[in-house]
Amino acid sequence: MMTADTFGRPLRDLRVSVTDRCNFRCVYCMPKEVFGPDFQFLPQREVLTFEEIARLTRLFVALGVEKVRLTGGEPLVRRDLHLLVEKIAAIEGVRDLTLTTNGSLLAKHAAALAAAGLRRVTVSLDSLDDGVFRAMNDVNFPVARVLEGIEAAHAAGLRPIKINMVVKRGMNEGSVVEMARRFRGTGDVLRFIEYMDVGNSNGWRMDDVVPAAEIVRSIGEVFPLEPLEANYAGEVAQRYRYRDGAGEIGVIASVTQPFCRACTRARLSAEGRLYTCLFATHGHDLKVLLRGGASDDEIAQELRGIWQRRSDRYSELRTSATPGAPKVEMSHIGG
Ligand code: SF4
C-alpha cells in the first residue's frame, strides 16, 4: 500500500525514538546548559512500551513503511532494546531495520542486537581527535571506546556500517580529511552532515555551517572523488566515490542543498507523538489512542490522515529569520 502526502511523497521510513535520554551532551544537539542535571526527561509511565511501539510499527508498515530506524536520545540507554528489535524484525513488510547510536554502548550490545534481527547500524562519530571528540560530546567520552563499538558491530556481522559526522565550523572541520583517511577502504560509509538549526537549544548560526561543497572539496584535494547516483529516490545523502576505488562517502546537506521534495520520513517520539518533519513545531498524540482503547483501524485511519495532510518542507523554506520558531528538539525525535 502507498500513502502519499500533499506533495505526493510516500510514507516509507519510520524513525522511532525509544528514549529522550542520552549519555552524551553533544553541543549541536543536547547542550549541557539546557539539558543539565535538572532537566525534566519523560517519566517512565509516559514512554511507550515495546508492545505499543511494535503495534504502531505494524500499522505504519500496513500504510507503506518499509524501513524502520531506532533512535533516541541514545537508544542503547534503554534497557533490553534487543527485545524490541526482535518484535520489529518479526513484522512482515519491514525490509530494513537499523539503529542510530553514539556508539558508546555498542561494544556491549552489538551481538545481541544482531542476533535479534538488526540489519545495520549507523554510528555518530564527530572526530578521531580525542580532544575534539570529547569537546563535542561534552561528557569527556573517549573516541577509543566508540571505535571499539564499531569493531564489535563488525564482529557481529553488522556491515557495512554508516558513520555520521556532524561538521561544525570552529570545532571539528579540521577532522574531516582525517576521518576520510581512516574509513576509506574499510567498506564502511562515512557521511558528513551539515550543522543544522534543529530544536531551539544549540545556538545555531549560519556562520558555523561548513557547506557540503566545501567538505567535498577539502577531501577531493587529497583523495579525488566523483559523484554517484542515489541508491533510491529520497536517499538523504549525496554519494561520492573515491576515484581510486577505496569506497564512498556521503554528504547530508539539509542547509545548503535541501532535499524536502523527496522526504519520506515520519518520526515517532518516545512518548508516542508523530512528527512529520525533523523541524516540526508540534506532534500528533498517538498514545491517547493506544491507551484509550482505539482499534487498529481507527489508529490506521488517524495515521493515514496525518500523512495525507502533510506539507512539511522546512529546509526549503529556511531563512535566517526561521530559527526562532519553537521546534521539537532533535534529541526528542532522533535525527
Ligand atoms: S526538513 Fe523536514 S521535510 Fe525537509 S527533508 Fe528534513 S524532515 Fe523532511
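The values are calculated or read from the model by the stated rules, or taken from the named source; none is laboratory data. Quick caveat, the model's predicted, so the values are computed rather than measured. Here the Cβ positions follow ideal geometry from the backbone for every residue, glycine too, while neighbour counts run over all protein chains shown. Ligands, DNA and RNA are stripped out before the accessible areas are found, and what is left, the full protein with its side chains, is counted by its heavy atoms. Shrake-Rupley method; radii C 1.70, N 1.55, O 1.52, S 1.80 Å.
For the reader, a short list of remarks on this structure follows.
- For the range 270-287, the criterion of being more than 14 Å from the ligand (Cβ to nearest atom), under 16 Å from the mean Cα position of the chain (by Cα) and on the phi < 0 side of the Ramachandran plot is met by at least one residue.
- Residues located in the range 63-87, provided they are open to solvent by 60 Å² or more (accessible area, probe 1.4 Å) and closer than 24 Å to ARG304 by Cβ: GLU66, LYS87
- Qualifying position, being modelled with pLDDT of 95 or more, touching a Ser or Thr at 6+ places or on another chain (Cβ under 7 Å), in a helix (DSSP H, G or I) and not polar (S, T, N, Q), among ARG58, ARG134, ARG145, ARG69: ARG145
- Check on ARG12, in contact (Cβ under 8 Å) with a residue 12 or more places away in the chain and in contact with a Pro (Cβ under 8 Å, 6 or more places away or on another chain): no
- Here ASP208, ASP244 are screened, and the one residue that is touching a Phe, Trp or Tyr at 6+ places or on another chain (Cβ under 7 Å) and surrounded by fewer than 19 Cβ atoms within 10 Å (Cβ to Cβ) is ASP208.
- Test: VAL222 is away from the ligand (no atom under 14 Å from the Cβ), of a type in the set (A, V, I, L, M, F, W, C), in a loop (DSSP other than H, G, I, E, B) and surrounded by fewer than 17 Cβ atoms within 10 Å (Cβ to Cβ): yes
- In the range 164-219, the residue that is farthest from ALA280 (Cα to Cα) out of those that are of a type in the set (Lys, Arg) and in contact with a helix residue (DSSP H, G or I) (Cβ under 8 Å, 6 or more places away or on another chain) is ARG169.
- Sole residue being β-branched (Val, Ile, Thr) and open to solvent by 20 Å² or more (accessible area, probe 1.4 Å), chosen from THR276, THR281: THR281
- Residue in the range 254-269 that is within 22 Å of GLY8 (Cα to Cα), open to solvent by less than 20 Å² (accessible area, probe 1.4 Å), charged (D, E, K, R) and within 11 Å of the ligand (Cβ to nearest atom) present: yes
- Of the criteria (1) more than 25 Å from PHE133 (Cβ to Cβ); (2) buried (at least 19 other Cβ atoms within 10 Å of the Cβ); (3) not basic (Lys, Arg), which one VAL198 fails: (1)
- Counted residues, the range 35-49 - those being loosely packed, with under 10 Cβ neighbours inside 10 Å and either assigned to a helix (DSSP H, G or I) or under 22 Å from the mean Cα position of the chain (by Cα) (or both): 2
- Residue check for ALA230: without any contact (Cβ under 8 Å) to a residue 12 or more places away in the chain, under 20 Å from LYS67 (Cβ atoms) and within 16 Å of the ligand (Cβ to nearest atom): yes
- Yes/no for ARG159 being in a loop (DSSP other than H, G, I, E, B) and either open to solvent by less than 30 Å² (accessible area, probe 1.4 Å) or out of contact with any helix residue (DSSP H, G or I) (no Cβ under 6 Å at 6 or more places or on another chain) (or both): yes
A quick yes/no check of all residues on (1) open to solvent by less than 30 Å² (accessible area, probe 1.4 Å); (2) more than 16 Å from the ligand (Cβ to nearest atom); (3) at pLDDT 95 or above; (4) not acidic (Asp, Glu):
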position	(1), (2), (3), (4)
GLY250	yes, no, yes, yes
GLU302	no, yes, yes, no
GLN308	no, no, yes, yes
GLU329	no, no, yes, no
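- Residue within the range 130-147 that is closer than 25 Å to SER315 by Cα, open to solvent by less than 30 Å² (accessible area, probe 1.4 Å) and either out of contact with any His (no Cβ under 7 Å at 6 or more places or on another chain) or without any contact (Cβ under 8 Å) to a residue 12 or more places away in the chain (or both) present: yes
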